[in-house]
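Values quoted throughout were computed directly from the atomic coordinates according to the rules given, and no laboratory measurement underlies them. The structure displayed is predicted, hence computed values, not measured ones. Note: ideal-geometry Cβ built from the backbone for every residue, glycine included; neighbour counts use all protein chains shown.
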Amino acid sequence: MDNSKILKNEKYVIKLIKRKGSWLEDINPLHVNLNMAEGAKIKLCVPINPSTNKLVDPLGPDVLDFTFIQRQEFAKKLAIKEEDLNIHNPKNFWLDKEVALTKEVKPVDISTIDGLINYAVLKANKRYIAPSWEERFNSGEYKFAIVSEDEQIKTANVSHETTKKAWILYGRIDSSVEAMVDFMNIYHLTKKTNPNINNSHGIDYLRAEVGKVVEKDANGFVDILDDDDYEYKLVIYKATRKGLLTISRHQYFLEGDDKPIGTVQKMIAYLKDKRNQETYLELKEKSGLDE
């Protein structure tokens with residue numbers, strides 16, 4: 001193996017990390033500005049190391065970990081002197097290097113010198129760039145993740161399995177108008193959007209609407225129908241429709257109570273509490289789910 005070789009036949013993509021829980025998600029989970037505004041651009045340069053007040057060395061042991069021979073080869077590819085790569089040089093190569101990122105996926109091919117430069121700059125930004133997709137939630141400050149080809153294939157396979165499972169679950173409800181109406185309403189309840197689905201819609205219309213969810217949000221579909229709390233969410237929804245529960249600003253109240261139980265999740269926890277089983281069974285019966 002040639003240890004001086006710096007250009008490798010490896011490809012990566014830089015992906016925006018979409019986080020749940022923003023105020024935009026409460027309004028619309030598919031909002032175009034969720035996590036990053038449409039058309040916005042973030043430019044990342046080589047950061048300053050706070051302990052030395054110098055640039056982080058993109059070729060150093062904490063980033064690409066290049067050997068002396070590899071540094072020489074890198075300088076040769078750039079047609080510059082090796083000392084120009086030294087971060088202590090006041091006019092060093094890295095001073096004006098930056099990478100622009102948007103909400104769109106950015107490919108990075110390190111078989112090219114330009115791709116390797118971008119990769120080095122991004123790897124140096126450890127505060128904002130997760131080293132892999134799997135590690136994207138390890139820090140609340142991560143904005144983007146570096147995703148390898150292998151990881152992309154693995155993610156695609158997982159996505160395929162999720163979609164396959166979603167269609168299997170779809171087959172369990174697509175013959176029942178009530179089951180599909182229930183699902184659509186729980187889906188909108190979970191996403192905090194306003195449903196416009198009821199039993200007056202025909203079965204073909206409902207199949208089409210549920211099918212759209214499978215195609216656009218297979219993960220969300222599986223999360224709901226495969227959720228151990230699905231029945232509790234159904235009780236909450238139907239009890240609210242019948243006036244047994246009231247809701248104000250995403251806070252649920254028992255009929256006649258002034259003090260809220262809380263959000264959907266807190267309401268579920270309340271109903272699952274053994275001390276409140278009598279209330280749960282009463283809501284379930286009056287909602288028509290015991291029939």
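Other residues lying with their Cβ under 14 Å from the Cβ of Ile80 contribute a combined charge of +1, Lys and Arg counting +1, Asp and Glu -1.
Each of Glu231, Glu135, Glu104 was scored by other Cβ atoms within 10 Å of its Cβ. Listed from fewest to most, they are Glu104, Glu135, Glu231.
The Glu255 and Ala40 beta-carbon pair, evaluated with R₀ = 51 Å, returns a calculated FRET efficiency of approximately 0.65.
Note on Ile203 and Ile69: the model spin-label points, each 7 Å out from Cα along the C-beta direction, lie 7.2 nm apart. Net charge of the neighbourhood of Met180, taken over other residues with C-beta under 14 Å away and scored Lys/Arg +1, Asp/Glu -1, is -2.
If r is the Cβ-Cβ distance from Asn9 to Ser139 and R0 is 45 Å, what FRET efficiency results, to the nearest 0.05? Please report the intermediate quantities before stating the final value.
Numbers: r = 30 Å, r/R0 = 0.66.
Calculated value: 0.90.
Residues Leu101, Leu281, arranged from fewest to most other Cβ atoms within 10 angstrom of their Cβ, appear as Leu281, Leu101.
Which of Met184, Met267 comes first, and how do the rest follow, when ranked by fewest Cβ neighbours within 10 Å?
Details: Met184 20, Met267 24.
In order of increasing Cβ crowding within 10 Å: Met184, Met267.
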